[in-house]
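For reference, the structure discussed in these notes is given below.
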2 protein chains.
Amino acid sequence: MPRIAGQIDLAKGEAILDAAIQVLSERGLSASMEEIARRARVSKQTIYNHYGSKAELIAALVDRRVADITAPLEMPGADEHPEEALASYARIMLRALVNPRASALMRLYIQGATEAPDVARAVFEAGPKASRARLAAFLARETAAGRLAVDDPAQAAEFFGGMVAGTYQLSELLGVDRGLTEPQIDHIAAEAARRFLRAYGV
Amino acid sequence: MPRIAGQIDLAKGEAILDAAIQVLSERGLSASMEEIARRARVSKQTIYNHYGSKAELIAALVDRRVADITAPLEMPGADEHPEEALASYARIMLRALVNPRASALMRLYIQGATEAPDVARAVFEAGPKASRARLAAFLARETAAGRLAVDDPAQAAEFFGGMVAGTYQLSELLGVDRGLTEPQIDHIAAEAARRFLRAYGV
DNA sequence: TGTTTTTTGGACCCTCGGGTCTAGTTTTCG
DNA sequence: CGAAAACTAGACCCGAGGGTCCAAAAAACA
């Protein structure tokens, strides 16, 4: 965030963040401030006017993008049939996770895990952990309503999350895949939901 | 690998690789050659006698460690009951993947995915991909024998792999967890195998 | 033992990149 | 319009690190 409330151009601050996210995604943590400045069509000094250092710039960037991760985690509506709710949850997850942009960011967090463990932890808790917790709560609710038979909701949630995202996400992180098409997403989501229901149905 | 067959000390080459793997795991791709030399109790020049550059050193290191990834992927024996075979497969996978050393290496590959895509691809194909392929073949065999009802073995294998490794691996990559204890591994493996059998049983 | 090769440690070169400084221009606002 | 604050372009400082060089010590080998 801009350090002073004076006449600083807020829009430039945003442009810098946008450029930073681009360049860092492409080049990793070792991206240079010069290239970020060039991409943002801004002088290097201006970056230092807005964010005091490279570390602060990255922190600001993470703060802003954590919201993007957290957003698509909304729980499936409790009124649907559990199978459809699970499939819809899976679709949301796949769309959010298995694409080049999300993977580039995730790679960034992983890269920083050693130097800035608190950042990585925050991302983990705002992302996967929160997501699984909501899913677990949903599973517990459905079990109480007699529509599912889940004895350990937390573990079941991890299983389902892993089924859906596991391999695809790893291959994306290694840069092997080119993302999934919408029909592929539909198919995986539907199939995962169907199998999960067989495994945990009443 | 050592470049000349002369009087070069082969053991030193190994010591260098060992040190390199340690330091790179801790510090990431940006680890300095000086620290590797220090850790290997060797002069920097000696490293350059054995491996021409930092890139070559890392390539040699990856070559040697790919074997370690591939090793523990042996398929469960076909004579066991499928549930026990799956549980054993899951245990092997968890032990191999969810520990600080393996995660540090995987982080390295992910970090290099942008600069050296071929390396990342090789790791992926020698590791997860080969593992899933063997599991899929096993599932197909068991289905042919009438002990399972798997219509799409490749997808089922990804589901099982994801269930077992998915979340735990991601949290390790982000440096959040401290690995799993042996009883935890047993429990997860057994439960995953049990649920998978309910989902895909005859 | 003498020759050849390797190893060592440390100085050294050079590039890259974070961060600062400056001088001049543009913007904002009273 | 005039003053204060921001912005720009680019030079600049400095530390880090890849890679090379060198003279002396240590092995290896015949």
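Going down the table (A:54/B:54; A:129/B:129; A:44/B:44; A:44/A:129), which pairs top 31 Å between alpha carbons? Flagged as over cut-off: A:44/B:44; A:44/A:129. Among A:108, A:160, B:163, whose Cα projects farthest towards the positive end of the dipole of the protein assembly as shown, with charges put on the beta-carbon of Lys, Arg (+1) and Asp, Glu (-1)? Final value for the positive-end residue is A:108.
What does a probe at residue A:56 reach in the stretch A:31-45, counting residues whose amide N is under 17 Å from the point 7 Å along Cα→Cβ? A:33-34, A:37, A:43-45, by backbone N distance to the label point.
What the phi angles of the stretch B:113-130 give under the Karplus curve with 6.51, -1.76 and 1.60, with θ = phi - 60°, is a coupling list of 4, 6, 7, 10, x, 5, 4, 4, 5, 4, 4, 4, 6, 6, x, x, 5, 4 Hz, glycine and proline written as x.
In the calculated pair distance distribution of the stretch B:113-202, what percentage of Cα-Cα distances lie above 18 Å?
Values: 2242 of 4005 pairs.
Here the tail beyond 18 Å accounts for 56 percent of pairs.
Within a 10 angstrom radius of each residue's Cβ in A:176-188, how many Cβ atoms of other chains show up on average? Whole number is fine. Walk me through the numbers before you get to the answer.
Details: counts 9, 1, 0, 0, 0, 0, 0, 0, 0, 0, 0, 2, 3.
Partner Cβ neighbours, averaged per residue: 1.
Taking the Cα centre of chain B as reference, the dipole from Cβ charges on Lys and Arg (+1) and Asp and Glu (-1) amounts to some 500 debye. Here is how far apart the residue B:178 label points are across copies: 4.5 nm, shortest first, using a point 7 Å from Cα toward Cβ.
Take the Cα of residue A:129, go 7 Å toward its beta carbon, and the backbone nitrogen atoms of the stretch A:52-66 under 17 Å from that spot belong to A:63, A:66. Taken about its Cα centre, the protein assembly as shown carries a charge dipole of about 1000 debye when Lys and Arg each add +1 at the Cβ and Asp and Glu each add -1 at the Cβ.
How big is the dipole moment of the stretch A:148-202 about its Cα centre under a simple scheme where the beta carbon of each Lys and Arg is +1, that of each Asp and Glu is -1, and everything else is neutral? Debye, nearest 20, please. If you can, show how the numbers build up before the last one.
Working: 4 positive and 8 negative charges, 32 e Å.
Computed about the Cα centre, the dipole is about 160 debye.
With chain A treated as a Gaussian network of Cα nodes joined by springs under 10 Å, which of A:164, A:42, A:98 yields the largest mean-square fluctuation? Comparing A:164, A:42, A:98 in the GNM, the peak value goes to A:42. Kindly provide the pair-distance distribution of the protein assembly as shown built from C-alpha pairs, with 20 Å bins from 0 and whole-percent values in order of increasing distance. So the P(r) values, bin by bin, are 25, 52, 22, 2.
How large is the translational diffusion coefficient of chain A in µm² per second when you combine the Kirkwood radius over alpha carbon pairs with Stokes-Einstein at 20 °C and 1.002 mPa s? Please list the in-between numbers first.
Working: Rh = 18.7 Å.
Result for D is 115 µm²/s.
Fully extending the segment from residue B:14 to residue B:27, taken as 0.36 nm per residue of separation minus the present Cα-Cα distance, adds 2.7 nm.
Placing a label point 7 Å from Cα along the Cα-to-Cβ axis, residue A:151 is separated from the same position in the other copies by 2.9 nm, shortest listed first.
In the distance distribution for the stretch A:127-166, Cα-Cα pairs more than 13 Å apart total 45 percent. With θ taken as phi - 60° and the Karplus curve 6.51 cos²θ - 1.76 cosθ + 1.60 applied, the whole-hertz 3J(HN,Hα) list for the stretch A:152-168 is 10, x, 4, 5, 4, 5, 5, 4, 5, x, x, 3, 6, 9, x, 5, 4 Hz, x standing for glycine and proline.
At the listed q of 0.15, 0.17, 0.21 Å⁻¹, the Debye profile of the stretch B:76-160, built from one uniform point per Cα, gives log10 I(q)/I(0) equal to -0.64, -0.77, -0.99.
Beyond 16 Å, what share of the Cα-Cα pairs of the stretch A:10-52 is found? Please give it as a whole percent. Display every interim value, and only then the final one.
Numbers: 208 of 903 pairs.
Looking at the stretch A:10-52, the distances longer than 16 Å represent 23 percent of pairs.
Between the residues B:180, B:33, B:94, the greatest Cα displacement towards the positive end of the dipole of chain B, with unit charges on the Cβ of Lys, Arg, Asp and Glu, is found for B:33.
If each DSSP helix of 4+ residues adds -39,500 (n - 2.57) and the sum is divided by the residues in the protein assembly as shown, what number results at 222 nm, nearest 500 deg cm²/dmol? Present the calculation step by step, with values, prior to reporting the outcome.
On the way: 20 runs with 284 residues, N = 404.
Theoretical 222 nm ellipticity from helices: -22500 deg cm²/dmol.
Inter-copy label distances at residue B:137, shortest first and taken from points set 7 Å along Cα to Cβ: 4.6 nm.
Values quoted throughout were computed directly from the atomic coordinates according to the rules given, and no laboratory measurement underlies them. All values reported here derive from a predicted model rather than from experimental measurement. As a convention, Cβ positions derive from the backbone with ideal geometry for all residues, glycine included, and neighbour counts pool all protein chains shown.
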